[in-house]
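Visitor: Okay, handing you the structure first.
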Amino acid sequence: MKKRFSRKPCLYAAFILYVFTLSPHLHAEEKPAPPLPEPLTLEYALQLAEEPHPDILLSISEIEDAEAKYLSVESETGINASITGRATWVEPARAAPDQSHNDSMAGLSFKKKIYDFGRTSLRLSAAELDIKANRLLYGDMLNRRQIEIMERFFDVLIADLEYIRDREDVAVAFFKFKRAEGDKELGKASTLNVLEAESKYRETRRKRAASEARQNITRQLLAETLNRPGKLPAALTEPSLLQIDRKLPEMEGLIKIAVSKDPVVLSLKEKVEAANKRIKAARFEWGPVLSAELEASAYEREFGSRDRLRAGLVLELPFLTGGRRAAKIAAHTAELHRFEASLRRREMDVRKAVFETWQQINVLHYQLEEVNTLTKYRDMSLDQARTIYEQGLRAYLGSALVDYSVARLRLAETRYALALAWARLDALTGEKVFLSPSP
């Protein structure tokens, strides 16, 4: 009885050890994400790209699945051990020297595949290529996450500038509306003039409300992208984006680099090679398999033909597979054709994307020069309007403020579009997604 219960402490210790082993993972899952800093910088936001966002977790699961398949293939070459027990009652023949009825037995067997003439090696190589391919896709997913974060970050900044523009517009429209009412009382304006001014004022108020809603929407989308649902960032720091003035390389060279370094292209090339290896492995389906076997058995009834220990080499040479070999070859060939077509499609998409992005960056460089000049002009006009304002012409100052806000908005939109275009080009050419240090 004591012997029976003496194992319980070991079981309890094992259980406690198991709980302690799992507890870090349980705590890691329950640990809430830290709050976003105020103000939020683009650099900090981009550092969150690798956090457990659903897209990242899905990409990681693809790597884990490929690793599991590799282990599955590798396990076929490992040692297989089993214990066999058989409880049997028999009625022995009269001529049998042992007339007992208990013919039970217990056995221990070991089996290991020694060599299958390259089939497993090819399958392992294919599985390794799948792991490499999925890791490349993870890199592409990380690039896309960073670009999405940049886009959402810029959307918030643009929404804030749109609100400033519309707020200034409302102030000007309200001033004109009140002036029209005053002119009507003095007989200098008609009811039609007042209604026109009021209609313009109501329109600008509606636009301001829409831009205020867009401020909330863009912040909500940014919080979701950063894996912080409901934690809307109040203030964002304007990034310097120093590298948007990079010299644009020659297009043909960029296309060649992109086709040779794009993560998705490289991943598909690995998958094409893996499919080829699986086809070769399937062609060896009929090949011989050499295995080593070891058996140890104990019997209740002893016979001269029963061996207590047996060891040997087993060579299997299948000559009929029931069509299994042809089916595997056909399936892997179809897989190969699918990956080859996807590879060609991706190369076409990469060439097209580089061409379009190159053209976009080229135009945006000219646009940046244009809006820089426009902003300087509006800035000087605003200074002039402030002087005129001191002379009593308030409406002129309001219009100048609106024009300056519009120019600032156009400048920001151009800079952000240029930064995103460079980021996409960097991702296509296998470079790290663009990140400029803050001032």
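The values are calculated or read from the model by the stated rules, or taken from the named source; none is laboratory data. Please read all numbers here as calculations on a predicted model, not as lab measurements. Positions of Cβ are backbone-derived with ideal geometry, glycine not excepted, and every protein chain shown enters the neighbour counts. SASA here: full protein model, heavy atoms, side chains in, ligands and nucleic acids out. Shrake-Rupley method; radii C 1.70, N 1.55, O 1.52, S 1.80 Å.
Visitor: If you check every pair at least six apart or on different chains, which have Cβ atoms under 7 Å apart with a residue in the stretch 357-382 that is closer than 11 Å to Leu248 by Cβ first and a residue that is outside any helix (DSSP H, G or I) and open to solvent by less than 50 Å² (accessible area, probe 1.4 Å) second?
Guide: Listed pairs, sorted by first residue: Trp358/Leu248; Ile361/Leu248; Asn362/Leu248.
Visitor: Next question. Given Arg123, Arg144, which one is out of contact with any Phe, Trp or Tyr (no Cβ under 8 Å at 6 or more places or on another chain), under 30 Å from His53 (Cα atoms), open to solvent by 70 Å² or more (accessible area, probe 1.4 Å) and touching a residue at least 60 places away in the same chain (Cβ under 8 Å)?
Guide: Of Arg123, Arg144, the one residue that is out of contact with any Phe, Trp or Tyr (no Cβ under 8 Å at 6 or more places or on another chain), under 30 Å from His53 (Cα atoms), open to solvent by 70 Å² or more (accessible area, probe 1.4 Å) and touching a residue at least 60 places away in the same chain (Cβ under 8 Å) is Arg144.
Visitor: Can you tell me which of Ser211, Ser109, Ser104, Ser199 is touching an Asp or Glu at 6+ places or on another chain (Cβ under 6 Å) and under 21 Å from Asp403 (Cα atoms)?
Guide: Residue meeting the stated conditions: Ser211.
Visitor: Another one. What are the pairs, 6+ residues apart or on separate chains, where a residue within the stretch 216-227 that is on the phi > 0 side of the Ramachandran plot has its Cβ under 8 Å from a residue that is outside any helix (DSSP H, G or I) and surrounded by 17 or more Cβ atoms within 10 Å (Cβ to Cβ)?
Guide: Asn227/His53
Visitor: I'm trying to understand the selection: among the residues of the stretch 300-319, which are open to solvent by 50 Å² or more (accessible area, probe 1.4 Å) and part of a strand (DSSP E or B)?
Guide: Those that are open to solvent by 50 Å² or more (accessible area, probe 1.4 Å) and part of a strand (DSSP E or B): Leu309, Arg310, Ala311, Leu313, Leu315, Glu316.
Visitor: Inspect all residues belonging to the stretch 404-427 and state whether any of them is modelled with pLDDT under 85, within 22 Å of the chain's Cα centre (by Cα) and open to solvent by 50 Å² or more (accessible area, probe 1.4 Å).
Guide: The answer is no; no qualifying residue exists.
Visitor: So, in the stretch 232-245, how many residues would count as being in contact with a Leu (Cβ under 6 Å, 6 or more places away or on another chain) and within 20 Å of Pro35 (Cα to Cα)?
Guide: Of the residues in the stretch 232-245, 2 are in contact with a Leu (Cβ under 6 Å, 6 or more places away or on another chain) and within 20 Å of Pro35 (Cα to Cα).
Visitor: Then there's this: Take the residues of the stretch 45-57 that are out of contact with any Leu (no Cβ under 8 Å at 6 or more places or on another chain) and part of a helix (DSSP H, G or I): which is nearest to Ala235 (Cα to Cα)?
Guide: Going through the qualifying residues, I end up with Gln47.
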